[in-house]
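Read the structure below first, then the notes.
The values are calculated or read from the model by the stated rules, or taken from the named source; none is laboratory data. Predicted model only: the values in this text are computed from it and were never measured. Cβ sites come from the backbone with ideal geometry, for glycine too, and all protein chains shown count toward neighbours.
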Amino acid sequence: MRRILLNLIYILIITTFLLHHQTHAIKHPNGNNMNNNISHITVKDIDGKSVKLSDYKDKVLLIVNVASYCGKTKQYSGLEEIYRKYKSMGFEILAFPCNQFGEQEPGTNEEIKNFCSSKYDVTFQLFDKIDVNGKNQSPLYSILTDNEATGKADVKWNFEKFLIDKDGNVVARFLSKVEPTSTEIISAIEKGLAK
């Protein structure tokens, strides 16, 4: 009985130690939590040019995985509306096409760009088509889907949104059903811009 009790205490101590060390965030040299910060990431835009996300320092970002043939595609209109309203205040939208949900973004980057321009008059930044989940998940979405601010969870569907503060930290996550023009998103953007 005593041996069982000692083994249980030993397991409890080891488990507590492992859990304690697992929850500590890696600190970026500027003081940001690395697992919350996207500034060190480089992505490709829709034309294949490299873009450093650190170039967006001092801007509030809304990062969205998009698709052209989805029931949520009409959210392009709402995204463009908030972009035009807040861009002069330091707000940017970064849209990443993704074909992982019902194969609703099958086109090439050129086809996606033309669709967004002709159907929704999109003027915010479009990026290269990526995987947001799975073994080929982009490094950006590795952070967006696993960080201290919004937790760990795969992207559920097209048009899921992540709010990034002026320092490049993930601060909020909005499911696809939350419209871009919703009070929830607008108030979060305005709060971020006010800082």
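Remarks
- When the stretch 154-170 is filtered for residues that are under 18 Å from residue 180 (Cβ atoms) and either aromatic (Phe, Trp, Tyr) or not in a loop (DSSP other than H, G, I, E, B) (or both), the ones remaining, listed by number, are 157, 159, 161, 162, 163, 164, 170.
- None of 194, 149, 172, 153 is touching a Gly at 6+ places or on another chain (Cβ under 9 Å) and surrounded by fewer than 21 Cβ atoms within 10 Å (Cβ to Cβ) except 172.
- Considering residues of the stretch 172-189 that are outside any loop (DSSP other than H, G, I, E, B) and touching a residue at least 40 places away in the same chain (Cβ under 8 Å) only, the residue nearest to residue 39 (Cα to Cα): 189
- Unmet criterion (only one of (1) over 16 Å from residue 76 (Cα atoms); (2) in contact (Cβ under 8 Å) with a residue 60 or more places away in the chain) for residue 101: (2)
- Considered as a group, the residues in the stretch 129-146 that are surrounded by 18 or more Cβ atoms within 10 Å (Cβ to Cβ) and not polar (S, T, N, Q) include one that is nearest to residue 77 (Cα to Cα), and that residue is 129.
- Residues satisfying the stated conditions in the stretch 120-136, i.e. of a type in the set (Val, Ile, Thr) and under 16 Å from residue 156 (Cα atoms): 130, 132
- The residues of the stretch 79-106 that are buried (at least 17 other Cβ atoms within 10 Å of the Cβ) and not in a strand (DSSP E or B), listed by number, are 79, 80, 82, 83, 86, 98, 99, 100, 101, 104, 105.
- Out of 168, 192, 134, 107, one residue alone is modelled with pLDDT under 95 and not basic (Lys, Arg). It is 107.
- Test: residue in the stretch 138-146 that is among the acidic types (Asp, Glu) and over 11 Å from the mean Cα position of the chain (by Cα): no
- Scanning the stretch 107-120 for residues that are loosely packed, with under 14 Cβ neighbours inside 10 Å and basic (Lys, Arg) gives a single hit, 119.
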